[in-house]
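Remarks on the structure that follows.
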Amino acid sequence: MTEPLVYLKGEMIPASRAHLNIFDQGIVLGATVTEMVRTFRHSLFRLDEHLDRLYRSMKYMQFDTGHSKSELSAKVTELVAHNCGLIDQKDELGLVIFVTPGENRMYAGGAAMGANLTPTLCAHTFPLPFEYWAKKMETGSHLVIASTRHVPPQCYHPNMKYRSRMHYYLADLEARKVDPEAAALLLDLDGNVTETSGSNFLIVEQGKIVSPTLRNTLPGVSRQVVIELAEKLGIPVEVRDFQAFQAINADEAMTTTTPYCVMPVTKINQLPIGTGKPGPVVRQLQQAWSEMVGFDIFEQIQAGAIRRYSTHAHA
């Protein structure tokens, strides 16, 4: 098989045959929980932590796929092993797992709540697009604090990783009108900093890493890795609420997420953060992460971007 596989509804099928029914409630209602895992040297990183969070999300949503965690772990590991055989040895895969309530054949939303629905479980992969992050790793990324606010925990809990992301989409549209290179940083209803559409956000104040509380943010696996690395490096970490004022006046800022691990943030609202260049704490964390996985993952991003640009140029 020279085509990537997808694990969908209990079957391994070619990606070209993997389709969701238009009546699936992931489409009708946007009711979807999800996880993303990445590989390092073609091995999945912290799969157990991601699956633990997925199963907490599914319990909260009352989804039962009929898979134990160990069974799902085996299936996605098999999937990744096959699909890694189709990419360059120097490339890596992102693994996406998502679960919806299943199909609503009447296309009636809540009117069919009594139907006996089987959740839709899907797992698929894609090559990590190193070219998206290479320049930002050198110069830092930009954020804009949007007027669109984060969904409050009184609606549904942000500790669940979900795909109902209209607020993020609108916030990012707003951010790009201010700075075409920026993503949105969202505040909660009380004006506390939360997160971006795809990453946790942290700042550095006088040598201390400060993270927003988990009352309003996702407990990111990469955020947790940063906390663990900071402890080993002797860098203090504080978890507390802070506002836009503290974010803009921070010595350093960063985002953390599965695909690129740790990214320096050098502008917020078009204002420089610290010196306006990636700072020493972020660089220490990047180096420590590379040492943890056994190779320079940020050099991998740079080399991967060059390789892809070269491939596209000769295509």
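The values are calculated or read from the model by the stated rules, or taken from the named source; none is laboratory data. The structure displayed is predicted, hence computed values, not measured ones. Counting neighbours? That spans all protein chains shown, and the Cβs are built from the backbone with ideal geometry, glycine included.
A compact table of results
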read-out: Evaluation of Cys155 against (1) at pLDDT below 95; (2) within 30 Å of Val80 (Cα to Cα) (one fails), failing number; value: (2)
read-out: Criterion (modelled with pLDDT of 95 or more and surrounded by fewer than 19 Cβ atoms within 10 Å (Cβ to Cβ)) met by exactly one of Ala134, Ala111, Ala81, Ala115; value: Ala81
read-out: Residue within the stretch 221-238 that is modelled with pLDDT under 95 and of a type in the set (S, T, N, Q) present; value: no
read-out: Of residues in the stretch 161-187 being assigned to a loop (DSSP other than H, G, I, E, B) and not hydrophobic (A, V, I, L, M, F, W, C), the one surrounded by the most Cβ atoms within 10 Å (Cβ to Cβ); value: Lys161
read-out: Cβ-Cβ under 8 Å pairs, at least 6 apart or on other chains, the stretch 281-301 side over 22 Å from Val237 (Cβ atoms), far side of a type outside the set (Ser, Thr, Tyr) and part of a loop (DSSP other than H, G, I, E, B); value: Gly294/Arg41; Phe295/Arg41; Gln300/Lys90; Gln300/Glu92; Ile301/Trp133
read-out: Looking only at the stretch 233-263, and only at residues there that are of a type in the set (S, T, N, Q) and within 20 Å of Gly198 (Cα to Cα), the one that is surrounded by the fewest Cβ atoms within 10 Å (Cβ to Cβ); value: Gln243
read-out: Of all residues making up the stretch 12-58, the number that are more than 30 Å from Gln89 (Cβ to Cβ), among the small types (Gly, Ala, Ser) and either part of a helix (DSSP H, G or I) or at pLDDT 95 or above (or both); value: 2
read-out: Leading residue by the ranking (nearest to the chain's Cα centre (by Cα)) among those in the stretch 267-309 that are modelled with pLDDT of 95 or more, of a type in the set (A, V, I, L, M) and within 18 Å of Ser43 (Cβ to Cβ); value: Ile301
read-out: Breaking point among (1) farther than 20 Å from Leu218 by Cβ; (2) of a type outside the set (A, V, I, L, M, F, W, C); (3) free of Cβ contacts under 8 Å to residues at least 60 places away in the same chain, for Gly10; value: (3)
read-out: Close pairs (9 angstrom Cβ cut-off, 6 or more residues apart or separate chains): within 18 Å of Val265 (Cα to Cα) and in a helix (DSSP H, G or I) in the stretch 237-253, modelled with pLDDT of 95 or more and among the charged types (D, E, K, R) anywhere; value: Gln246/Glu205
read-out: Of all residues in the stretch 59-92 being in a helix (DSSP H, G or I) and of a type in the set (D, E, K, R), the one that is nearest to Thr2 (Cα to Cα); value: Glu78
read-out: Residues within the stretch 63-95 that are within 30 Å of Ala303 (Cβ to Cβ), out of contact with any helix residue (DSSP H, G or I) (no Cβ under 7 Å at 6 or more places or on another chain) and charged (D, E, K, R), tallied; value: 3
read-out: Count - residues of the stretch 189-204 that are surrounded by fewer than 21 Cβ atoms within 10 Å (Cβ to Cβ) and either more than 19 Å from Val96 (Cα to Cα) or touching a Phe, Trp or Tyr at 6+ places or on another chain (Cβ under 7 Å) (or both); value: 5
